[in-house]
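Worksheet: one structure, shown below.
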Ligand code: AMP
Ligand code: MG
């Protein structure tokens, strides 16, 4: 027997023993849940590294999320955003990389959606107080006054100095419709770049970010909540390494005289958006984009939103109408499974 043949046999025998004894690397799984930006965030990571390393990866991802919470929370008085709201009219304010990036994206998606997504609605949002104990229908006159004050075009960014300035002091910023997506992307980046995680799922109050596939190599199967019965899924969708972000009327709301008042406001009327959609889901690679677009499409309504999403590369959407009809963009139909849902 030649040396070459002997080596080949040795290799075959080794591989066979390996397969029979299950000598593949054992996969561990670790999870953590915490509250960030008023949302329950849970993360599960899988990997062949030991559990202590997986835990450290999760800790680093959550640390990043808490750091960003200190930047983006409009309601916390000492957040970076609160300081901008306080002083960007008086003089340009130099801001962090993270805040600059999110503000730049916010203005981009505000323009793209013709103001449906508008980061300058904070005063109107506070007036309604939806999601707080003080939530109530505002006085119509007062509301009308607020409607004329916001306009994303009054936010001026200066890239070379990395500053933000307001052209008047009649509005303030709220990034609640986009910041969670940015946080999700950053958590994913920490897991991938700093810890080489190749399989994970992050759930930020129903907004899902995945890394790679499940440990058995198959895609993640994600349920989309039925807005009329949010504990059950109206559809499920297969994704790998992508993100799914939903805006829905069931997330934060109060009811009065049988009318549901939810947290996604239509800046043109000052009232909760009521343009025919009760749930909008965006599927793409970056959660920050999905988050901005989920809110924008909710406000814009079916026709404009279908056209907008079809015009964007590598972005898909699922829309649920007031009547419970499910419509989706052309690129996603094969990955969506409509479920029986009451
Ligand atoms: P989302 O759940 O991503 O659709 O974001 C909703 C949150 O974004 C609300 O709780 C508000 O803080 C803020 N918001 C409400 N309406 C708008 C809007 N039209 N454009 C931008 N942000 C909004
Ligand atoms: Mg959003």
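The values are calculated or read from the model by the stated rules, or taken from the named source; none is laboratory data. Computed from a predicted structure; not experimentally measured. Glycine also receives a Cβ, built like all others from the backbone with ideal geometry; neighbour counts cover every protein chain displayed.
Quick check, is residue 114 farther than 27 Å from residue 38 by Cα, assigned by TED's automatic domain parsing to the domain that holds residue 97, surrounded by 14 or more Cβ atoms within 10 Å (Cβ to Cβ) and within 14 Å of ligand 1 (Cβ to nearest atom)?
Against the criterion (farther than 27 Å from residue 38 by Cα, assigned by TED's automatic domain parsing to the domain that holds residue 97, surrounded by 14 or more Cβ atoms within 10 Å (Cβ to Cβ) and within 14 Å of ligand 1 (Cβ to nearest atom)), residue 114 qualifies.
Go through region 303-337 and report how many residues are assigned to a strand (DSSP E or B) and under 23 Å from residue 275 (Cα atoms).
Here the count works out to 9.
Restricted to region 283-300, and to residues that are buried (at least 24 other Cβ atoms within 10 Å of the Cβ) and more than 10 Å from ligand 1 (Cβ to nearest atom), which residue is farthest from the chain's Cα centre (by Cα)?
Selected residue: 283.
Of everything in region 146-157, what is under 14 Å from residue 271 (Cβ atoms) and assigned to a helix (DSSP H, G or I)? Give them in sequence order.
Passing the criteria: 146, 147.
Say whether the condition of being loosely packed, with under 15 Cβ neighbours inside 10 Å and part of a strand (DSSP E or B) is met by at least one residue in region 79-94.
Within region 79-94, one or more residues are loosely packed, with under 15 Cβ neighbours inside 10 Å and part of a strand (DSSP E or B).
I'd like to check something: does region 257-265 contain any residue that is crowded, with 20+ Cβ neighbours inside 10 Å, assigned by TED's automatic domain parsing to the domain that holds residue 220, within 12 Å of ligand 2 (Cβ to nearest atom) and assigned to a loop (DSSP other than H, G, I, E, B)?
Yes; the residues of region 257-265 include at least one that is crowded, with 20+ Cβ neighbours inside 10 Å, assigned by TED's automatic domain parsing to the domain that holds residue 220, within 12 Å of ligand 2 (Cβ to nearest atom) and assigned to a loop (DSSP other than H, G, I, E, B).
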